[in-house]
Amino acid sequence: MIMRSLTDPEENYTTELRIEMLLEEEVRMERKLGRGAGILLPISSLPSPYGIGTLGKAAYQFIDCLKKAGQRYWQVLPVGPTSYGDSPYQSFSAFAGNPYFIDLDGLVKDELLKQEEIDSVSWYTTEEYIEYDLLYEHRFPLLRKAYGRWKKGKRNGFKKFKKENTFWLEDYALFMACKEKFGQKEWLSWEEDIRFRKPKALKAYRKELEDQIGFWEFVQFRFYKEWNKLKKYANGKGIEIIGDIPIYVALDSADVWVNPKLFQLDEDCRPVEVAGCPPDAFSEDGQKWGNPLYNWNEMELDGFDWWKRRIQASANLYNVIRIDHFIGITRYFCIPADKTGKEGHFAYGPGGTFTAAINSVLGDAKIIAEDLGVDYPAVEQLLKREGYPGMKVLLFAFDGGSENKYLPHNAESNYVYYLGTHDNDTAKGYLETLDEEHLEYIRAYVSAATNDEIVRQMIKTVYLSVADTVVIQMQDILEKDNSARMNLPSTLGMNWKWRMKQGEFDAGKIAQLKKLVSLSGRERKE
């Protein structure tokens, strides 16, 4: 028998490899979300007398309701300032907060506004939908009044906030001030000197627009002050906030204006190719989102510094970061700026080098990878390596028979299971489009005796799945029909408008969820 020495190089290598694998598995386990449940409700959809949900009283009340319902997570949509179309996925900045979410009652409490000034405004004609034209017309004049009073008084905490956010705040404030000066035109239509950020122009515009810049800095200071207070309250109640960040940024954003080399732009700073997705059963020409594509080679030169700053900022805002269209990290669709999706092609992203960079700045935050869509092995491999949970959606499960990957019996534990997301019809609206054969199949699968029971039984089915985490959008908890749909992709007009009415999430609904949490072993650990 051959005795192997304790110092045998081969044995040492095997031991080291085993230790490395154990450490990697430990890291992957740390990146999993705990078994629990949550609700998807955008800040904008909270009840409010002022036309849109805010970071005020209703947000705190909702957190209390989440606790009573045994929930662990509150998922929101992106919270950045929105542009044309009001989509939270098209923002003027990847770092700034939405001015509409600032609590007007809080400004009254701090003597920056008077109640009669707020009450003199007609904020909506119907409680259930946001009217963005009224918001745009009335909200900013009030915020400017608040700014005028604030700048004459004490600015406790502002210097610290400005210092901590220098890398984006000053450029964002200048960007917004310039947009005002140029009649809200996109930055590609500004005067050439400031469009190309010539040093002389930057200095001149900062001097000319000093007060306007100060206003936009005040707005961000106020947003972050309120957000941090709300997050602290939520975490103190055992509620973690899941935030959503779009993989791409808007062309008309401070991010692209300040960092043109990080995007695929020509010498005139116009996109060469833009983001989208190829033609499919739902879109003959594909979807052309119009976002500029990243210059991944350029980003890799400095170790993805912009992305690391973005993830750091998101990790401060949220406990969990959902990265929308995560598939684009490994493979993304490119459409020539002057063509349709039919002329598009795929290109490869940075994959593991990117995730290594963002992992280095995550801290205690965790990531959800939105991996919905066509199967792509490289994405599956990357998620398994990193331990990020992917997503499953029950509304996608009822085509293709028992092999459908979205059916609960085909799911795995390291996933976040949704009934539907903001891009789907509501469950009730979806069911109203189906024929009797499909309805019969769904009734049988979720054990619903009648059509009226299907939505509630769908929610129960999601809860009883093996997925570590489940998230149900509020419209489905309230059993809303198509009129409460949040977004119909590739359309403008009726999206991002639905709001929950005061009292709709009542004791009965809370008790139903609490019972499901107990039944499915999803109790929040104190």
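The values are calculated or read from the model by the stated rules, or taken from the named source; none is laboratory data. In this text the structure is predicted, and so the values were computed from the model without any measurement. Cβ sites come from the backbone with ideal geometry, for glycine too, and all protein chains shown count toward neighbours.
As an exercise: evaluate ARG197 against (1) basic (Lys, Arg); (2) touching a residue at least 60 places away in the same chain (Cβ under 8 Å); (3) assigned to a helix (DSSP H, G or I) and give the number of the one condition it does not meet. The number of the failed condition is (3).
From the list LEU17, LEU6, LEU55, LEU33, the lone residue that is at negative phi, surrounded by 21 or more Cβ atoms within 10 Å (Cβ to Cβ) and at pLDDT below 95 is LEU33. Looking at the range 68-79, can you tell me whether even one residue there is touching a residue at least 60 places away in the same chain (Cβ under 8 Å), surrounded by 15 or more Cβ atoms within 10 Å (Cβ to Cβ) and of a type in the set (Ser, Thr, Tyr)? Yes, the range 68-79 contains a residue that is touching a residue at least 60 places away in the same chain (Cβ under 8 Å), surrounded by 15 or more Cβ atoms within 10 Å (Cβ to Cβ) and of a type in the set (Ser, Thr, Tyr). In the range 144-189, the residue that is nearest to ALA201 (Cα to Cα) out of those that are of a type in the set (Gly, Ala, Ser) and either touching a residue at least 40 places away in the same chain (Cβ under 8 Å) or assigned to a helix (DSSP H, G or I) (or both) is ALA177.
None of TYR441, TYR430, TYR463 is over 26 Å from the mean Cα position of the chain (by Cα), of a type in the set (Phe, Trp, Tyr) and at pLDDT 95 or above except TYR441. Remark: GLU479 matches the filter, which requires a residue to be outside any helix (DSSP H, G or I), under 30 Å from TYR124 (Cα atoms) and more than 19 Å from the chain's Cα centre (by Cα). I'm checking my understanding of the structure. Among residues of the range 386-418 that are part of a helix (DSSP H, G or I) and among the acidic types (Asp, Glu), which one is surrounded by the most Cβ atoms within 10 Å (Cβ to Cβ)? For the range 386-418, the residue satisfying everything is GLU386.
In the range 242-278, of all residues being touching a residue at least 24 places away in the same chain (Cβ under 8 Å) and in a helix (DSSP H, G or I), the one that is surrounded by the fewest Cβ atoms within 10 Å (Cβ to Cβ) corresponds to LYS261. Among the residues of the range 219-241, just one is acidic (Asp, Glu) and in a helix (DSSP H, G or I), namely GLU226.
Within the range 437-482, the set of residues being of a type in the set (Ser, Thr, Tyr), buried (at least 16 other Cβ atoms within 10 Å of the Cβ) and under 14 Å from LEU407 (Cα atoms) comprises TYR445, THR461, TYR463, SER465.
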